[in-house]
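Derivation of every value follows stated rules applied to the coordinates shown; laboratory data play no part. All figures in this text were calculated on a predicted structure; none of them were measured in a lab. Counting neighbours? That spans all protein chains shown, and the Cβs are built from the backbone with ideal geometry, glycine included.
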Amino acid sequence: MSTNWSKWHDAYAKPGSGLGDRLAAVRAQIDRRLDATAPDPVRVISACAGDGRDLLGVLADRSDADRVTALLIEYDAELSARAREVAKALPARIEVRQADAAQSDVYAGAVPADLVLLCGIFGNVSDVDIQATIEAAPQLCAPGAEVVWTRHRNDPDLTPSIRGWFADAGFDEIAFVAPDADQWSVGVHRLAAAPRPLELGRHWFTFIR
Ligand SMILES: C[S@@+](CC[C@H](N)C(=O)[O-])C[C@H]1O[C@@H](n2cnc3c(N)ncnc32)[C@H](O)[C@@H]1O
């Protein structure tokens with residue numbers, strides 16, 4: 001990987017940053033899912049979680065954060081440490097694992113999840129890897145689980161294909177947030193088909209940036 005992902009997170013703090021607006025859209029979807037599942041326990045998986053500010057930011061503002069169990073997987077040591085530091089102040093049971101989120105084995109024991117975050121992945125891997133990751137997503141999901149994902153819409157816009165791949169993998173579309181004024185998008189898909197057992201030993205994607 002050539003990108004300094006820790007530095008990449010600085011853009012969240014830039015006023016008027018599209019990344020900040022995207023974060024708000026992701027958080028709104030997490031909040032909605034937590035409202036919809038209340039008061040039941042909820043399991044969350046975040047792949048390539050960065051510093052975890054999407055999920056952790058939502059949990060910090062909720063009085064029912066203690067019903068959430070989450071696994072955040074992040075490769076970068078500094079970002080993992082930052083996420084761990086924030087998570088330890090929350091009443092949720094949150095594990096931040098510094099590991100390769102592309103390896104299926106890393107999810108053993110954490111699946112099936114009720115909410116899966118695939119944010120900041122689809123703009124950084126090949127189209128083939130996006131499709132493979134979506135095809136594998138039912139292995140992470142409990143019945144009716146939702147996947148929140150992001151992708152830019154720079155030309156050529158891949159989001160129509162991504163939405164089609166989710167449909168092919170047995171998901172219904174719940175939301176697709178794509179503002180005219182910017183290039184980011186946030187999608188939400190709910191698993192309508194039966195979940196699939198986790199296949200160990202698989203490698204789903206490779207970051208190319
Ligand atoms: C674009 S950032 C997104 C971070 C966060 N999900 C967000 O939306 O703010 C991508 C993150 O993926 C991490 N990453 C890249 N390859 C990874 C891998 N194979 N396993 C785990 N994390 C990875 C990077 O370190 C970086 O923090």
Residue among ALA137, ALA145, ALA178 that alone is touching an Asp or Glu at 6+ places or on another chain (Cβ under 7 Å), surrounded by 14 or more Cβ atoms within 10 Å (Cβ to Cβ) and free of Cβ contacts under 8 Å to residues at least 60 places away in the same chain: ALA145
Residues of segment 57-80 that turn out to be over 21 Å from GLY109 (Cα atoms) and within 16 Å of the ligand (Cβ to nearest atom), as a count: 8
Qualifying residue in segment 90-104 (condition: under 18 Å from the mean Cα position of the chain (by Cα), touching a residue at least 60 places away in the same chain (Cβ under 8 Å) and more than 10 Å from the ligand (Cβ to nearest atom)): yes
Residue selected from segment 21-42 under the condition aliphatic (A, V, I, L, M) and within 13 Å of the ligand (Cβ to nearest atom), by the criterion surrounded by the fewest Cβ atoms within 10 Å (Cβ to Cβ): ALA24
Filtered residues of segment 105-132 (kept if away from the ligand (no atom under 13 Å from the Cβ) and of a type in the set (D, E, K, R)): ASP114, ASP127
Scan of segment 107-122 for residues that are buried (at least 18 other Cβ atoms within 10 Å of the Cβ) and either hydrophobic (A, V, I, L, M, F, W, C) or in a loop (DSSP other than H, G, I, E, B) (or both), ordered by number: ALA110, VAL111, PRO112, ALA113, LEU115, VAL116, LEU117, LEU118, CYS119, GLY120, ILE121, PHE122
Matching option when the condition is more than 25 Å from PHE205 (Cα to Cα) and more than 18 Å from the chain's Cα centre (by Cα), among ASP21, ASP31, ASP40: ASP40
